[in-house]
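The values are calculated or read from the model by the stated rules, or taken from the named source; none is laboratory data. What you see is a predicted model, and the numbers here were worked out from it, not measured in a lab. Quick reminder, even Gly has a Cβ in these numbers, built from the backbone with ideal geometry, and neighbours come from all protein chains shown. Ligands, DNA and RNA are excluded from the accessible area calculation, which covers all protein heavy atoms including side chains. Shrake-Rupley method; radii C 1.70, N 1.55, O 1.52, S 1.80 Å.
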Amino acid sequence: MLDFLKKGLQKTFANFSELKKGKEKISKDLLEEMLLEADVSYEIIEEILYYLPPSDEVKKEDLLRVMKAYFIYDTPKASEEKPFIQLVLGVNGAGKTTSIAKLANFYKQNNQNVILGACDTFRAGAIEQLKLWAKKLELDIVASAQGHDPSAVAYDAISKALAKKYDRVILDTAGRLQNQKNLASELEKIVRICAKAMPNAPHQKILVLDGTQGNAGILQARAFNELVKLDGVIITKLDGTAKGGALFSIAKELELPILYIGVGEGVEDLLEFSVDEYLQALLEGIFE
Ligand code: GDP
């Protein structure tokens, strides 16, 4: 798992190696440069440097202790509720459909029955794309035609899951509509109808964020968090960016747990996020 994560952070580490060339120790100035390159926000870097011991040489164990303080939003405990309903949100292109496929595949490999709900009825392409994944991964899916009510799809998917005793329902949603107001009312309605189909549903509202946007993704996440109260985020495309340090600001500013990270386009390229592993990988990148 750690090696897989390190591979995903390769671009971030390549910058570290470049900066470290010819230097024997990690000084505070060098650390500052590395973290800036990795898109850790300036404010957080200043804090990290402030909380390190006064010596100019940075020690791995000190840095680990200081960095850990930024990831206090723990991954929620696995729910006992069956079916477990996850509503997945995010702007177009963030990697939402791919992440849904990866998640469904991950659960399926853990012997859980998954059904997908194609609630992005705004784009015909979105329905088709999800259907393709469902076919490829041999998953059940509830879908209707473009322009149909997405809440009805959510209701049908949950009803089917209840009747046929599925373990999980993953619902796709539209990333954009004609305007923000329409999107807000559509998402609000989907959440309301989910609760009608099953009390407490959706159990998790997850935002998919494009990791290549680094810190810029935070504004987007805030907007979604205002529309529906989010429970966690998935950060995608960490393999395609040197901004592997943006996770600090995402965790700190959003006060939300990072649930999974995407490290490639393949269906297996999804990792359950672990703070310890992420920091271990990052520190190895910095010190080794
Ligand atoms: P959506 O519009 O949010 O549903 O986005 P898609 O799931 O269609 O993904 C948009 C593009 O990003 C596709 O080309 C995906 O293959 C790619 N993508 C998604 N996740 C990852 C990832 O973790 N790493 C990389 N390298 N590409 C990804």
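Here are the numbers for the structure shown:
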read-out	value
Probe 1.4 Å, accessible area per residue of the stretch 84-285, Å²	39 Å²
Additional length obtainable on full extension of the chain from K82 to D149, 0.36 nm per residue less Cα span	21.7 nm
Bridge type composition, the chain - antiparallel percent by DSSP, nearest 5	15 percent
The chain - percent of accessible surface contributed by carbon and sulfur, probe 1.4 Å	50 percent
Extension gain from S185 to R123, taking 0.36 nm per residue of separation minus the Cα-Cα distance	20.6 nm
D (Stokes-Einstein, µm²/s), Kirkwood Cα radius, the chain, 1.306 mPa s at 10 °C	80 µm²/s
Farthest positive-ward along the chain dipole, Cα basis, beta-carbon charges - from G244, V142, Q204	V142
Semi-axis lengths, Å, the stretch 1-110, gyration tensor of Cα atoms, sqrt of 5 times eigenvalues	36, 18, 14
Assigned charges on the beta-carbon of Lys, Arg, Asp, Glu; the stretch 1-93 dipole about Cα centre (debye)	440 debye
Length gained when the stretch S17-K229 is fully extended (0.36 nm per residue, less Cα-Cα span)	72.4 nm
The chain, helix-only ellipticity at 222 nm - DSSP H runs n ≥ 4, -39,500 (n - 2.57), divided by all residues, nearest 500	-15000 deg cm²/dmol
Rounded to 5, the percent of DSSP beta bridges in the stretch 137-288 classed as antiparallel	25 percent
Cβ-placed point charges (K, R +1; D, E -1), dipole of the chain about Cα centre in debye, nearest 20	1120 debye
With all protein chains modelled, accessible area of K189 [1.4 Å, Å²]	70 Å²
Cα long-axis angle, helix 28-37 against the chain (0 to 90 degrees, to the nearest 10)	30 degrees
Total formal charge among the other residues, if their Cβ is under 10 angstrom from that of K82, Lys/Arg +1 and Asp/Glu -1	-1
Furthest towards positive pole of dipole, I45, L162, A281, structure part the chain, Cβ charges	L162
Between helix 275-287 and the chain: long-axis angle, C-alpha atoms, 0 to 90°, nearest 10	40 degrees
Relative contact order [Cα under 8 Å, 6+ residues apart], the chain, whole percent	27 percent
Of N92, N111, T173, farthest towards positive along the dipole that unit charges on Lys, Arg, Asp, Glu beta carbons give the stretch 84-285	T173
Distance between the stretch 211-276 and the stretch 29-73 - C-alpha centres, whole angstrom	20 Å
E138 paired with A195, simple spin-label distance in nm, labels 7 Å along Cα-to-beta-carbon	3.9 nm
Distant-in-sequence amide H partners of F84 (H built 1.01 Å from N, under 5 Å)	R168, V169
